[in-house]
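> Okay, here's the structure, questions in a sec.
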Amino acid sequence: MLMPSLYPLLLRPEFAERPWGARDLSPIYPGPRCEKPVGEVWLTGDENRVVNGPLAGRTLGQLCREYGRALVGESARETERFPLLIKFLFPRAKLSVQVHPDDEAARSVGQLCGKTECWYVLAAEPGAQVALGLKPGVTREQLARAIEEVRAEELLNWVEIHAGEMIYVDAGTVHTIGPGSILVETQQNSDTTYRLYDYGRPRQIHVEQGLEAAKERTRAGKVKRNDRATTLVASPSFLVEKFGLCQRRRFEAAHSPQIFLALDGAGAAESPGGAAVSFAPGDALVVPAAVGQVGIRPHQDLEMLRMTLPSEPMLEPETILG
């Protein structure tokens, strides 16, 4: 049977309950409060389903296995797996202190890739913080002792965050997120997480694996940027850009899928020979690499993020802590 041609794919978000999450998901998902706390909203996971066109009902994971490079592009490392996982995070309590392995460490335990990530701060209450890495001079041995003594948070770099900032968290960074923000997370498509420390709460922790994956010095921090530039972060694993549109604009990327995420306002994606696809805050629109070119037409004004893979090798971004 002939497979349908690819086109811009609108994906249904998947809401994940977390004990540290929120019951009020506005301003992204206005409406009734959730009965249980939602911590993460997955937008481009393997199980996110298409809601538009001939491929409606199929999962992103299924389509990657069927279409391969036509969907994920030449810059993706794996042909049958979507390269980037995008989420909203709604923390209302401290997350556990975690670390993710880098690519080499992940492959040594049978995983496809490590997990470098970044967080765009969409909203932040006064005093909202994240922890990024260990304080200068702190060793793995000191961290291990502090975990045993239930005081590991004292050894972390706690950084106050503000709306509009981009936080880069390279693999191997010991990190956590405090309450009071809404974050857009862009990451390598891996869910390998080692929970190092949980403030004495009775949950499983992975101290041995986590300490092995942890790096005493990393590149994590707030990304330095020019306020007039569209690029929020450029790294070896992903590019994240922010656009404010008041008129139609064309976007192109033949080497990579393009992910568009509306933050405020709404718009429509127009591709050659295809039907226009409308998207609004909370929606993720995936433009397969084979589609290449897409026009985004705002409905009045539109503020959105665009995530892609780099077309060539890149250095890690310049960051600051503070």
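The values are calculated or read from the model by the stated rules, or taken from the named source; none is laboratory data. From a predicted model like this one, the values you see are computed outputs, not experimental measurements. Positions of Cβ are backbone-derived with ideal geometry, glycine not excepted, and every protein chain shown enters the neighbour counts.
> Can you run down the residue pairs with Cβ atoms below 7 Å, 6 or more apart or on separate chains, where the first is in the range 284-306 and under 14 Å from Tyr7 (Cα atoms) and the partner is buried (at least 24 other Cβ atoms within 10 Å of the Cβ) and acidic (Asp, Glu)?
Going by the 7 Å Cβ cut-off, there are no qualifying pairs.
> Give the range 89-100 a look and list any residue that's surrounded by 24 or more Cβ atoms within 10 Å (Cβ to Cβ) and under 19 Å from Lys36 (Cα atoms), or say none.
If the condition is that a residue be surrounded by 24 or more Cβ atoms within 10 Å (Cβ to Cβ) and under 19 Å from Lys36 (Cα atoms), then Phe90 is the only one that fits.
> Hey, His299 hits all of (1) modelled with pLDDT under 95; (2) over 24 Å from Tyr120 (Cα atoms); (3) not basic (Lys, Arg) but one; which does it fall short on?
If we test His299 against (1) modelled with pLDDT under 95; (2) over 24 Å from Tyr120 (Cα atoms); (3) not basic (Lys, Arg), just (2) comes out false.
> Pull up the range 282-322, narrow it to residues that are touching an Asp or Glu at 6+ places or on another chain (Cβ under 7 Å) and surrounded by fewer than 19 Cβ atoms within 10 Å (Cβ to Cβ), then point me to the one that is nearest to Thr79 (Cα to Cα).
Gly292
> Kindly indicate the residue of the range 191-211 that is among the acidic types (Asp, Glu) and under 23 Å from the mean Cα position of the chain (by Cα) and also surrounded by the most Cβ atoms within 10 Å (Cβ to Cβ) among those meeting that condition.
Asp198
> Then there is this: What are the pairs with Cβ atoms under 6 angstrom where one residue, in the range 10-22, is closer than 15 Å to Arg58 by Cβ and the other, located anywhere, is modelled with pLDDT under 95? Sequence gap at least six, or different chains.
So the pair list comes out empty.
Listed here are the residues, each with its yes/no results for (1) over 19 Å from the mean Cα position of the chain (by Cα); (2) not in a loop (DSSP other than H, G, I, E, B).
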site: Val233; (1), (2): no, yes
site: Pro236; (1), (2): no, no
site: Glu241; (1), (2): no, yes
site: Gly265; (1), (2): yes, yes
site: Leu285; (1), (2): no, yes
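> Determine whether the range 75-82 contains at least one residue that is within 28 Å of Pro236 (Cβ to Cβ), surrounded by fewer than 15 Cβ atoms within 10 Å (Cβ to Cβ) and of a type in the set (Lys, Arg).
yes
> If I ask for residues that are buried (at least 17 other Cβ atoms within 10 Å of the Cβ) and at pLDDT below 95, which ones from the range 220-251 would you list?
Arg225
> I would also like to ask the following. May I ask you to say which residue of Lys135, Lys87 is within 18 Å of Thr319 (Cβ to Cβ), modelled with pLDDT of 95 or more and in contact with a Leu (Cβ under 9 Å, 6 or more places away or on another chain)?
The conditions single out Lys135.
> Separate question: State all residues of the range 106-137 that are more than 18 Å from Glu40 (Cα to Cα), aliphatic (A, V, I, L, M) and surrounded by fewer than 19 Cβ atoms within 10 Å (Cβ to Cβ); if no residue qualifies, say none.
Hits for the range 106-137 are Val109, Leu112.
> Also: Hey, which of the helices (runs of 4 or more DSSP H) in the range 38-151, taking only ones fully inside, have at least 1 residues that are free of Cβ contacts under 8 Å to residues at least 12 places away in the same chain? So that I can check it myself, show each step before the final result.
Values: elements: 60-67, 69-72, 103-108, 140-148.
Answer list for the range 38-151: 60-67, 103-108, 140-148.
> Which of the following residues is of a type in the set (A, V, I, L, M) and under 16 Å from Ile86 (Cβ atoms): Leu245, Leu305? Give the derivation first.
Details: Leu245 fails: under 16 Å from Ile86 (Cβ atoms).
Exactly one residue qualifies, and that residue is Leu305.
> Could you list all residues from the range 250-273 that are touching a residue at least 60 places away in the same chain (Cβ under 8 Å) and in contact with a Leu (Cβ under 6 Å, 6 or more places away or on another chain)?
Of everything in the range 250-273, those that are touching a residue at least 60 places away in the same chain (Cβ under 8 Å) and in contact with a Leu (Cβ under 6 Å, 6 or more places away or on another chain) turn out to be Ser256, Leu261, Ala269.
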